[in-house]
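What follows draws every value from the coordinates through simple rules; no lab data is involved. These numbers were taken from a predicted model, which means no experiment stands behind them. Neighbour counts run over all protein chains shown; Cβ positions are idealised from the backbone, glycine included.
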Amino acid sequence: MSENTTYIAQWTTQMRRGWLETCIFNVLAHEELHGYGIMLRLQDIPGLGIAEGSLYPLLSRLRLQGLLAVCRVENSPDGPARKIYGLTPRGRQVLALMNDHFERMKRQHQIAQKRSAP
Amino acid sequence: MIAWNPAALDLFNRHCENRRDALLAAGADPDEVFGDWKTLIEAHAAAAGENEIATDRVQRELIDLVAADGGLADPDPEPVAAKPVRRGRAVRAAFGRFRTALLWLFGVALPLGVLAFELLAGFCAEALFDPIPTWLHALLIALVPIANAWALLATRPQRESERAFRIAGRLNGIALGISAYYALQFAIITPFAFIALIFGAGLLPLAPLLAFLSASALRGRLVHAGIRRPFLWPFAGRTIPVRPVTPWYKTALPAFVLLVLLSLPRLAVQIGIEPANDPDPAVRARAVWFLRAFGSRDLLLRKCYRQGENADLTSLLTQKLFGASPTTADAQNAYYRVTGNPYGAVPPPRLKGLRGQELIDSEWFDPALGGDQVAARVRGLALAQSRLDGRVDSASGCAYLEWTLEFRNASKTAREARALIDLPPGAVVSRVTLWIDDEPREAAFGGRSQTRQAYRQVAVRQRRDPVLVTTAGPDRVLLQCFPVPADGSLKTRIGITAPLLVPDAAQGVAALRLPAFAEQNFGGAPKVQTSVWLESDRPALAVGAGLHVESAGNVPAIRGQIPADASAPAVCLQVPLEQPYRPVLSRDERLPADTAILQTLEGPAVPAAFPPALAVVVDGSARMAPYAKALVQDVLGRIPPDTAVCTILARDLPEVLSGIPSADALRFAGGCDNGAALVAAAEWSATNGFAPILWLHAAQPLESGESEALRQIADFSRGQLAIYSHQFGPGANRIAEKLADQRLIRAIPVLAGATDIVDYLQHKAGRWQRERLSGANRPAGVPVGSSHVARLWAADEIAWLSDPNRKIYRAEAVDLAQTFQLVTPVSGAVVLETAAQYKANDLTPADPATVPGIVPEPATGLLLLGGASLLLALRRRIPSK
């Protein structure tokens, strides 16, 4: 069992890393959010919780790749100013491709399941 | 803003610097992330109500960051795998790069290079077949490397674009179709190309196959790079590409079919040439129609020069399926039948586009050298100078002309100059001179075959300096000079003895039609004019365009410039004729002693009348179209209505027209063999008391397949059948040449125009009568005329002796022609270079003292003395009253 647990743990980590970006894009597809807001939205999704500190390098990379952009900076009454992130047009295109791909994978998975059924 | 404790800030900064490289490796901006982290810590401190960020706060936050991996997880972590697996991936990646390089090389660079090479050098077109006959072919071929390059660029990971994919897919299909077509065309030589690869060659013919394989590989790459969707029932579970590849029948097939359609004219030419030469006129006519409808004239012209160009699959299939393997001679005949133009009358074909060189390197090859046809024009050879000198002797009813021609050869190979010369009606060549080392050498006259054999021996084999003149049908001679040296010139001269024509015996006017080229194998003539200077015993009444009458030293002269090209109309001049004409007596030392020639002029024996029945053969060739109006108005329209007329239009199949046709009924197309129509006319003539046949035609460059049938009818008519021919426009008449010994075809002496034809048939013209008289029979008081009268008598005599019905006299005819130094149907004139050559060919060159000349020839002075003494002797014999 412990071997299986380790394997699943590695597998879910890999899966989670892949899906994390998709989920960030999907969150930002509906509204522009600051890092903390993104984190809160992700935490609502079981298994996708992420520390806010871990989120910033990811957001920085996606911004450099032109998929996200800092739309504006908002001042907070009880703390420092916060950057509001949003999807770029390219980010929206990539999101569409990602969702499309995900749908196919889902179907492939279903087909594979049906075939393996007795 | 919340303040930072310096120790806390130092701790944070140190942590950040430790993470800088990791963040950079993760693709993030470290400073941005550090700022975000700082803001996060400040926000947490503010939320906790802290006024200052202390070290312990920073330590707690950093522990969380480290625990959360700081967001530095590799977004694409390497799978946990053993080293051999990673090495396999590396090998696959290297192989992928190698394959891409090969695709660039064979799919893009090679086809592009081969296309450029072929366009510039025409290598394949010269050695195998022309793969790029049109610019459309070049464009289609260029699409192959473009499509392959596009596909390679579109499938690069960084350039994944749906639009680019779609275009790449369509282009790839087109490239597949085009490269497949050419790979098939080169299939015959592909095995040899593989063998040639061993020796470092063969890559060029393999280019289509390699391009096809590259396009196929790229199609697979496009399919895998594109989005796929599940296939529905009944193949659920499988996937098909959504994009970018379009079905092959939408792109590859149309491209392939387009190329096949473009090759149809070539196929038609390959298949149609042989049937176009079939002995059966019906088969021939169908094949000619087929070639006109579907063939390509350019390709047909190329076949006239080259028998090859059959190394492609299309040619192989046509050879196997239709047994089509036409020769160049077949193609030449077919070209004339299809277009109406002899292949030699149009410029040799050239390769298209950038390849401006001639397909046929006529620089070194002249297939008609030493033959009996003028054939195609050769490059570099031109007429440089032309002068026509002469003397018109109206008292003797004749003229003597000397046409001096200088040919210039600008090519690097020795050339043979050939020209078909239209002589004045009834004329005969009586002198031929060639300048060798600037010295004039006179010709030897001998039997026709004897002189031709000598010419071939010396000219073609020994490549020395001869000139040959032989007859080529009625009133025509063929002049051949070889070699006109490379970058050098050759000068020759032919002397012509011509009777003056008396179109209407009732009028005191005689006419002379000047000689002209009927066909030539040299250029330059349109720019070169013939300089004319003719002396006349009486001032001319009328001269042609470009000429004028003047008096040079009290001697009337006709001078000026006339065109020296075969396409120019003949020039005629008129001189007054004494009315009534006084007979003349001509004496020649070559005649037996105490004999002379008496020349008289006779009018029509009976009042001028048109024949009661007439068969008219009208050539249906396209070259006759410009003359249709004159044909109907000036000839057919002037035939008396009470004449029984049978009109036959000589088309691909002869068409018998009822009565006199209108201009609309005459349709002209291609080049038609008039032989079958002449046979039909001869058969009609035989049933109508051997009524004369009037043959109105353009050039007949082909030997007719019906010449033996005509010969047979002529034989059994025993000289009663006569074909009166008039040729519209320049060019050879092979039918007349072939039947020259039969004396069946007689040229109508046309001077002013087509109206002369009907006048001639009415027998209104005066006829010269020449008879040999011995001393006792010679009339008294007859003035002495030109010695050319004796030559004309000899020509008449040779014609009589060589008549096909009197074959036993042929040797005598040849002897007489040699004696009087005349070019006749049984004799020729040849100039050789050395005495040894003459001796080897049993020929004797003419004595310069006996040849005619413009200035009174040496023999003429003796003749005048002889004539005077003869008159004195005759007076003494007459008893005085």
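Kindly express, to the nearest 10 degrees and within the range 0 to 90, the angle between helix A:52-64's C-alpha long axis and the longest C-alpha principal axis of chain A.
So the inclination is approximately 80 degrees.
Please report the antiparallel percentage of DSSP beta bridges with both residues in region B:613-762, rounded to the nearest 5.
15
Using only Cα atoms and rounding to the nearest 10 degrees, what angle (0 to 90) does helix A:2-30 make with the longest principal axis of chain A?
Rounded to the nearest ten degrees, it is 40.
Give the average, rounded to an integer, of partner chain Cβ atoms located within 10 angstrom of each Cβ in A:59-69.
On the way: counts 6, 13, 10, 3, 3, 4, 1, 0, 0, 0, 0.
Partner Cβ neighbours, averaged per residue: 4.
Over all residues in B:40-50, what is the mean tally of Cβ atoms on other chains that come within 10 Å of each residue's Cβ?
On the way: counts 11, 2, 3, 8, 2, 2, 4, 2, 0, 1, 0.
Per residue, the number of nearby Cβ atoms from other chains is 3 on average.
What does DSSP give for chain B in terms of the percent of beta bridges that are antiparallel, rounded to the nearest 5? Intermediate results must be reported in sequence, preceding the final value.
Details: 98 of 128 bridges.
Expressed as a percentage, antiparallel bridges in chain B total about 75.
Would you mind working out the magnitude of the charge dipole of chain B relative to its Cα centre, with +1 at each Lys and Arg C-beta and -1 at each Asp and Glu C-beta, to the nearest 20 Debye?
Numbers: 89 positive and 84 negative charges, 256 e Å.
The dipole of chain B has a size of about 1220 debye.
Using modelled backbone amide H atoms (1.01 Å from N, in-plane), which distant-in-sequence or interchain residues come within less than 5 Å of B:GLY488's amide H?
Residues meeting the criterion, in which the H sits 1.01 Å from N, are B:ASN409.
With the crude spin-label approximation of a point 7 Å out along Cα→Cβ, what separation in nm comes out for A:ASN99 versus B:ASP298?
It is 5.7 nm.
Averaged across A:80-86, how many Cβ atoms of other chains sit within 10 Å of each residue's Cβ atom?
Details: counts 11, 2, 4, 4, 0, 0, 0.
Partner Cβ neighbours, averaged per residue: 3.
Calculate the translational D of chain B in whole µm² s⁻¹ from Stokes-Einstein, where the hydrodynamic radius comes from the Kirkwood formula applied to all Cα pairs, the temperature is 37 °C and the viscosity 0.692 mPa s. Please list the in-between numbers first.
On the way: Rh = 34.2 Å.
Result for D is 96 µm²/s.
Based on C-alpha coordinates, I'd like the Rg and Dmax of region A:2-116, in Å.
16.6, 58
Under the classification rounded if a/c is under 1.5, otherwise prolate if a/b is larger than b/c and oblate if not, where does region B:3-71 fall, given a ≥ b ≥ c as square roots of the Cα gyration tensor eigenvalues?
Prolate.
Can you sort A:TRP11, B:TRP768, B:TRP37 so the residue with the fewest Cβ neighbours within 10 Å comes first? Mind dumping the intermediate values first?
Numbers: A:TRP11 10, B:TRP768 20, B:TRP37 23.
Starting with the residue having the fewest Cβ neighbours, the order is A:TRP11, B:TRP768, B:TRP37.
Skipping prolines and chain starts, which residues have an amide H placed within reach, meaning under 5 Å, of the one on A:ARG82, given they are 5 or more residues away or on another chain?
Sorted by chain and number, the residues that satisfy this are A:GLU74, A:ASN75, A:SER76.
Per DSSP H run of at least 4 residues, take -39500 (n - 2.57); add these up for chain B, divide by its residues and hand me the 222 nm value, nearest 500 deg cm²/dmol. All intermediate terms of the calculation are to be shown ahead of the outcome.
Numbers: 25 runs with 328 residues, N = 881.
Only helices count here, giving -12000 deg cm²/dmol.
Would you compute, for the Cα atoms of region B:557-600, the largest minus smallest coordinate along each principal axis and list the three values in descending order, in whole Å?
Reported extents, whole Å, longest axis first: 46, 29, 19.
Taking the convex hull of the Cα atoms, report for the protein assembly as shown its projected area averaged over all directions, in nm². Walk me through the numbers before you get to the answer.
Numbers: hull surface 271.2 nm².
Taking the Cα atoms of the protein assembly as shown, their convex hull projects to 67.8 nm² on average.
Counting other C-beta atoms within 10 Å, which of B:HIS44, A:HIS30 has the fewest, and how do the rest follow? Let's see the in-between values first.
Numbers: B:HIS44 17, A:HIS30 9.
With the fewest neighbours first, B:HIS44, A:HIS30 line up as A:HIS30, B:HIS44.
Sorting B:VAL283, B:VAL378, B:VAL509 on the 10 Å Cβ count, fewest up front, what's the list?
On the way: B:VAL283 14, B:VAL378 26, B:VAL509 18.
Fewest to most other Cβ atoms nearby, the residues stand as B:VAL283, B:VAL509, B:VAL378.
Here are some pairs, B:LYS491/B:LYS839; B:LYS412/B:LYS527; A:LYS106/B:LYS38; B:LYS303/B:LYS412; which of them have Cα atoms lying more than 31 Å apart in this structure?
On the way: B:LYS491/B:LYS839 24 Å; B:LYS412/B:LYS527 22 Å; A:LYS106/B:LYS38 40 Å; B:LYS303/B:LYS412 25 Å.
Checking Cα-Cα distances, A:LYS106/B:LYS38 exceed 31 Å.
I need the helices of chain B that pass two filters: whole DSSP H segments spanning 30 Å or more by Cα along the axis, and mean Kyte-Doolittle score no lower than -1.0.
Span-like helices in chain B: B:162-185, B:203-225.
Kindly state, to the nearest 0.05, the FRET efficiency for B:ARG767 paired with B:LEU139, given R0 = 51 Å and r defined as their beta-carbon distance.
Values: r = 68 Å, r/R0 = 1.34.
Efficiency at R0 = 51 Å is approximately 0.15.
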